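Working notes, structure below.
The values are calculated or read from the model by the stated rules, or taken from the named source; none is laboratory data. Being a predicted model, the structure only gives us computed values, none of them experimental. Here the Cβ positions follow ideal geometry from the backbone for every residue, glycine too, while neighbour counts run over all protein chains shown.
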Amino acid sequence: MRLDLPDLGGVDPPQPGWAKRLPADERIFLWVVLASVAVMSAFTIGWLWLGDQNPPTASYHTSAARFATKTQAFAERYKGKDGRVHVPVGKDAYLMAYRYGFYPTLVLKAGHPSRIWLSAIDTLHGFSIVGHGVNLNLQLAPNHAYGAVFTPTKPGKYLVVCNEYCGLEHHKMQITLYVER
Ligand SMILES: [Cu+2]
C-alpha cells in the first residue's frame, strides 16, 4: 500500500555520514564544553583534598530518642556546679540540636582534639562555629550522629549557630562553646 503523504517540499534527507562532519563552530563548542567539564572536575577533586571543609567521615545511624538519652546521660555525668559540661580530655562529647537551641553547654580544653557527636532530634539543623579561624559548618539530620573532630587552639568563647533554616525562631538558635586553658 502506498501512503498518500502531502509533499512538504524543500526538505532533503541528510547526506550519509553527516554526523561525522561537524561544522567548525560546533567543533569549537564541543571543545569548550569538554574543557569546562575537565576544569570543574579538577576543582571538585582538588576541593575534596585541599578544601578542608568536608563532612566528618565518622557517622552512625541512631534515633532521636536514643541520641537524646545518650546526650542527657553524658551531660549529667560531667556537669559542673556552673551548669556547664566539662569534657575530660580524650573523652567524646555529645551535643544535640533542637528547635531552638543546643544542649548541653560544653567546656573543652584548649589545644586538645576533641570529638563531638552531633545530631538533631526534631528536624534538620546546622552546627557552625563562628570565628576564631575555625572552619566547621555541618548539617545535622535527625537519626544520624556525626562525629566532628575539632581542636580549639585559643581559650575563649566560641559562638555556635544553626545554619539550616529550621523554623520561625531559627535566627535565635545559638549556643556558646567554652574553651579553657
Ligand atoms: Cu536549627
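Numerical summary
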quantity	calculated
Pick from the stretch 142-166, criterion loosely packed, with under 15 Cβ neighbours inside 10 Å and of a type in the set (A, V, I, L, M, F, W, C), ranking: nearest to the chain's Cα centre (by Cα)	149
Residue in the stretch 82-100 that is assigned to a strand (DSSP E or B), within 20 Å of residue 62 (Cβ to Cβ), out of contact with any Leu (no Cβ under 7 Å at 6 or more places or on another chain) and of a type in the set (Gly, Ala, Ser) present	no
When residues of the stretch 161-181 are limited to those that are closer than 17 Å to residue 86 by Cα and not basic (Lys, Arg), the one farthest from the ligand (Cβ to nearest atom)	180
Boolean, residue 79 is more than 15 Å from the ligand (Cβ to nearest atom) and in contact (Cβ under 8 Å) with a residue 12 or more places away in the chain	yes
First in the stretch 132-147 and assigned to a loop (DSSP other than H, G, I, E, B), second anywhere and buried (at least 16 other Cβ atoms within 10 Å of the Cβ) and among the hydrophobic types (A, V, I, L, M, F, W, C), Cβ under 6 Å, 6 or more apart	136/129; 136/150
Any pair with Cβ under 8 angstrom, 6 or more apart, that starts in the stretch 108-122 at a residue that is without any contact (Cβ under 8 Å) to a residue 12 or more places away in the chain and ends at one that is buried (at least 18 other Cβ atoms within 10 Å of the Cβ) and in a strand (DSSP E or B)	none
Candidate set from the stretch 104-115 (those that are modelled with pLDDT of 95 or more and either within 12 Å of the ligand (Cβ to nearest atom) or under 18 Å from residue 70 (Cβ atoms) (or both)); member that is surrounded by the fewest Cβ atoms within 10 Å (Cβ to Cβ)	105
